[in-house]
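The values are calculated or read from the model by the stated rules, or taken from the named source; none is laboratory data. Everything numeric in this text was worked out from a predicted model, so none of it was measured. Here the Cβ positions follow ideal geometry from the backbone for every residue, glycine too, while neighbour counts run over all protein chains shown.
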Amino acid sequence: MSQTELHFEPTVYQKSDGTQVVFQMNDCKRIELILKELSAIYRREERRPLDCLQLPYHAQELILDAIGSLERATEWDEPTDDDLTGEPPMTADEIHTAAWKEHQEAHR
């Protein structure tokens, strides 16, 4: 099995009754593996002398840009203080009860 198949191709298992089960890798995990490999490529290229580079000189900058973009693509937005300090959402029952009380007050 090649490296690509090991990491990115679905894994197919044969059950004892003859049916097949296919396991797909999570896309976030795929991106994590890509980031890990891009970082390793960048570090290897960074250690090489200028006359022994395996990639074009500008490729290192492009790899760093790609790493930054992929990291931003996989970041989860953490809740801010504004999200946490607002009024808690009302349930349908609470809305109905408040409206009923307001209705009763309007008829007094």
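Just one of the listed residues (Glu45, Glu61, Glu37) is of a type in the set (Asp, Glu), under 22 Å from Glu9 (Cα atoms), out of contact with any strand residue (DSSP E or B) (no Cβ under 8 Å at 6 or more places or on another chain) and at pLDDT 85 or above, namely Glu37.
Considered as a group, the residues in region 70-108 that are surrounded by 10 or more Cβ atoms within 10 Å (Cβ to Cβ) and polar (S, T, N, Q) include one that is modelled with the lowest pLDDT, and that residue is Thr74. Of the residues examined, Phe8 is one that is at pLDDT below 85 and either surrounded by 11 or more Cβ atoms within 10 Å (Cβ to Cβ) or hydroxyl-bearing (Ser, Thr, Tyr) (or both).
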